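The values are calculated or read from the model by the stated rules, or taken from the named source; none is laboratory data. These numbers were taken from a predicted model, which means no experiment stands behind them. So basically every Cβ, Gly included, is an ideal-geometry build from the backbone, and we count neighbours across all protein chains shown. Accessible surface areas use protein heavy atoms only, side chains included; no ligands, DNA or RNA. Shrake-Rupley method; radii C 1.70, N 1.55, O 1.52, S 1.80 Å.
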Amino acid sequence: MLGIAALTLAGSVAAQERHPTVGVAGASLVSQTPSSAITLAVDPGLTDGRLSIRIVAVNGSKEPRPFGPAAIAIAVGGKPVMIATADQILKRPPAPASRDSALARASAAPVIQGFGQRDNMGATNPLNAAAGVPDERFVRPETAPPNENASARAVRESLLKTAVVAPRASLGGALLTDKLGRKPKEVNITVTFAGDIHGFVIKMP
C-alpha cells in the first residue's frame, strides 16, 4: 500500500495541467497527451438523481500507472460531488473494504477492449494501446453478497475499478455520483493520470 501511495503521490507532483476539454453531455470527449489519453462521456439525464459517467484511460507512458475513482474529481457549481460506491447505489450496508480507504470506492469493472479496436464507448483509442490490464488492484473491491441478483451484480461489474494500468494498456468503466438536488447546467471533471491533469467542462441540456 505504501509503494502504491508513493506512486500516486509522485504522479500528482509531476502532473501537468492542460486547458480543459469543453463539450456537451452525451458526446464522447477526448483529452490526449503523449503520456495519456482520457475519453469520457456524461449522460445528459440523471440516473436515479445521479450523474452517470463512462470513462476510459489509456497509459501512453513507459511505466505502469495507477488509475481508479480516486484519480477523478467531479464538481457542480464549484462544489465537489462524491462518487458513489456500489453499495450506496444498491442501497446496501457498506462493505468493510469501503471503510478502509477512499480507493476502496471502486468495484470490479470489465477491461475495455484494446485500442486500435472499438472500445465500448464507440471510440478508437488514439494511442493504439494493446488490450488488457494487469489484474493487480490497490485494495480489495467491495464484496457482493452471495445471494445478490444478476441485476445488482451487473451494476458492480460495470463500475470503474482501481488498478495499475500497464504501458500501452487501457482501463475503463462507469461511475455514478451521489444524488444531486437537481440536474446541473455544467459539470467539471478533473482526471489525474500518468503525470497529466485532464480537465473537462461538460454542458448539460
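Quick look at the numbers
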| read-out | value |
| --- | --- |
| FRET efficiency estimate (nearest 0.05) - Cβ-Cβ, K62 to M82, R0 22 angstrom | 0.10 |
| The stretch 142-181 - percent of accessible surface contributed by carbon and sulfur, probe 1.4 Å | 56 percent |
| Across K79/K161; K161/K203; K62/K183, pairs whose alpha-carbon gap is larger than 29 Å | K62/K183 |
| Point-to-point label distance, A150-K183, nm (Cα→Cβ direction, 7 Å offset) | 3.1 nm |
